[in-house]
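First the structure, in the form of structure tokens, and then the observations on it.
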Amino acid sequence: MTERTIAIGNRRLRVSNPDKVLYPETGFTKGDVIDYYRAVSGVMLPHLRGRPVTLKRYPDGVEGEHFFEKSCPEHRPPWLHTVTVRRKRDDTDMHYCLLDNVSSLVWAANLAALELHVGMAAAPALERPRALVFDLDPGPGCDVLDCADVALRLRDRLADLGLEAVAKTSGSKGLHLFVPLNTRGATFDASKELAHRLASSLESEDPDRVTATMSRSERAGKVFIDWSQNTEHKTTVCAYSLRARRRPTVSTPVSWDEVEGARRAGDPERLSFTAADVLRRVDGHGDLFAAAARKRQRLPG
Ligand code: ATP
Ligand code: MN
């Protein structure tokens with residue numbers, strides 16, 4: 001076991017096994033994961049703010065066992081913040097990790113928490129969604145370009161309602177479209193209802209290529225618009241999170257021009273980004289997902 005100490009502000013963090021390869025196909029190590037999260041923290045932290053985080057940990061790398069960790073580990077450092085979530089099911093309190101500064105991101109990365117998943121709401125108002133989400137999943141025979149097509153149609157339908165939307169890759173197979181809300185009146189009932197209504201409407205327009213129903217048998221050759229993620233207890237991978245894929249891909253915010261460009265070029269690779277790509281993009285144009293955390297919009301009544 002090797003150890004390294006890194007200084008962040010006036011805090012010193014112990015990092016174990018920084019040379020351990022977590023992505024065997026590319027040789028991306030735990031140290032690289034830590035360096036990535038440290039470098040991306042400036043644009044990522046606004047999207048983690050107040051969010052109970054679910055850690056998806058891969059102690060032996062992407063080819064090894066993994067587990068979801070919702071309850072923040074007991075061995076966390078004393079300075080790490082947590083957020084308490086009251087579980088309605090059995091009326092017990094759950095303490096989630098709150099990753100609200102660079103040190104806590106590095107601490108999570110050191111646990112090989114490659115993927116960071118968050119809900120739509122932030123503390124203290126955990127009953128209020130900060131955004132509405134459409135999770136676009138390509139069924140068998142479809143890819144991210146089919147998702148791009150559906151995302152653009154959804155964007156236009158939302159624009160007709162006076163709503164702006166932003167997009168990111170999932171870092172895996174599909175795309176995520178967010179409608180920023182960030183207003184007091186927002187409710188999961190309303191966001192889920194609108195998401196369901198638009199998903200069903202796109203399905204009726206193009207039933208051969210779009211489905212709004214969960215059943216797996218319905219999905220071949222189609223894009224599944226998952227509207228049901230608009231629920232208090234459900235998570236979506238956080239913007240800028242790594243994914244545990246063969247390569248260190250990232251859930252990457254993209255501009256609508258890029259979504260259109262990729263579709264026009266017929267090139268799915270244009271919607272796939274690794275950690276190194278993302279850091280270059282952030283240097284170039286900052287946070288393309290900033291509106292998700294900041295823009296205030298009201299759903300039509
Ligand atoms: P893809 O593009 O491959 O669909 P994705 O991240 O959108 O990637 P989904 O399977 O569509 O993956 O799930 C959407 C979100 O739901 C995930 O980002 C994750 O936060 C959450 N999720 C999915 N499966 C689980 C699970 N088994 N346990 C906890 N959360 C999950
Ligand atoms: Mn998905």
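If a residue has to be assigned to a loop (DSSP other than H, G, I, E, B) and either within 16 Å of ligand 2 (Cβ to nearest atom) or more than 18 Å from the chain's Cα centre (by Cα) (or both) to count, how many in the stretch 166-200 make the cut?
Qualifying residue count, the stretch 166-200: 10.
Among (1) more than 16 Å from Y37 (Cβ to Cβ); (2) open to solvent by less than 60 Å² (accessible area, probe 1.4 Å); (3) not polar (S, T, N, Q), there is one condition R296 misses while meeting the rest; what is its number?
Status for R296: all satisfied but (2).
Of all residues in the stretch 220-247, which are within 14 Å of ligand 2 (Cβ to nearest atom), touching a residue at least 40 places away in the same chain (Cβ under 8 Å), farther than 17 Å from F289 by Cα and in a loop (DSSP other than H, G, I, E, B)?
K222, W227, Q229, N230, K234, T235, R243, R245
Which condition from (1) in the same structural domain as T183 (by TED's automatic domain parsing); (2) within 23 Å of P46 (Cβ to Cβ); (3) open to solvent by 20 Å² or more (accessible area, probe 1.4 Å); (4) of a type in the set (A, V, I, L, M) is the one that A265 breaks?
(2)
Among the residues that make up the stretch 130-147, is at least one of them over 23 Å from F273 (Cα atoms), away from ligand 1 (no atom under 12 Å from the Cβ) and not aliphatic (A, V, I, L, M)?
Yes, there is a match, as at least one residue in the stretch 130-147 is over 23 Å from F273 (Cα atoms), away from ligand 1 (no atom under 12 Å from the Cβ) and not aliphatic (A, V, I, L, M).
For the stretch 250-267, which residues satisfy the criterion of being outside any helix (DSSP H, G or I), on the phi < 0 side of the Ramachandran plot and out of contact with any strand residue (DSSP E or B) (no Cβ under 9 Å at 6 or more places or on another chain)?
D267
Looking only at the stretch 113-127, how many residues end up being more than 15 Å from ligand 2 (Cβ to nearest atom) and in a strand (DSSP E or B)?
Looking only at that region, the number is 8.
For the stretch 161-216, what are the residues that are touching a helix residue (DSSP H, G or I) at 6+ places or on another chain (Cβ under 9 Å), among the acidic types (D, E) and open to solvent by 50 Å² or more (accessible area, probe 1.4 Å)?
Listed by number, the residues that qualify are E164, E205.
Condition first: open to solvent by less than 10 Å² (accessible area, probe 1.4 Å), in contact with a Lys or Arg (Cβ under 7 Å, 6 or more places away or on another chain), within 13 Å of ligand 2 (Cβ to nearest atom) and in a loop (DSSP other than H, G, I, E, B). Can you find one or more residues in the stretch 132-151 that meet it?
Among the residues of the stretch 132-151, at least one is open to solvent by less than 10 Å² (accessible area, probe 1.4 Å), in contact with a Lys or Arg (Cβ under 7 Å, 6 or more places away or on another chain), within 13 Å of ligand 2 (Cβ to nearest atom) and in a loop (DSSP other than H, G, I, E, B), which makes the answer yes.
Between a residue in the stretch 175-190 that is modelled with pLDDT under 95 and any residue that is among the polar types (S, T, N, Q) and within 16 Å of ligand 2 (Cβ to nearest atom), which pairs come within a Cβ distance under 6 Å, given they are 6 or more apart or on different chains?
Within 6 Å, no pair qualifies.
Residue-by-condition table, conditions (1) modelled with pLDDT under 95; (2) closer than 18 Å to T274 by Cα:
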site	(1), (2)
N10	yes, no
M44	no, yes
T82	no, no
D91	yes, no
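Just give me the residues in the stretch 148-199 being farther than 12 Å from L132 by Cα, among the basic types (K, R) and within 16 Å of ligand 1 (Cβ to nearest atom), in sequence order.
If the condition is that a residue be farther than 12 Å from L132 by Cα, among the basic types (K, R) and within 16 Å of ligand 1 (Cβ to nearest atom), then K168, K173 are the ones that fit.
Please state which of the following conditions H233 fails to meet, knowing it meets all the rest: (1) at pLDDT 95 or above; (2) surrounded by fewer than 18 Cβ atoms within 10 Å (Cβ to Cβ).
Going through the list (1) at pLDDT 95 or above; (2) surrounded by fewer than 18 Cβ atoms within 10 Å (Cβ to Cβ), H233 breaks only (1).
The values are calculated or read from the model by the stated rules, or taken from the named source; none is laboratory data. Note that the structure is a prediction, hence the values are computed from the model and not measured. Ideal geometry is used to build each Cβ from the backbone, glycine not excepted, and the neighbour counts take in all protein chains shown. Side chains are part of the model used for accessible areas, which takes the heavy atoms of the whole protein and leaves out ligands, DNA and RNA. Shrake-Rupley method; radii C 1.70, N 1.55, O 1.52, S 1.80 Å.
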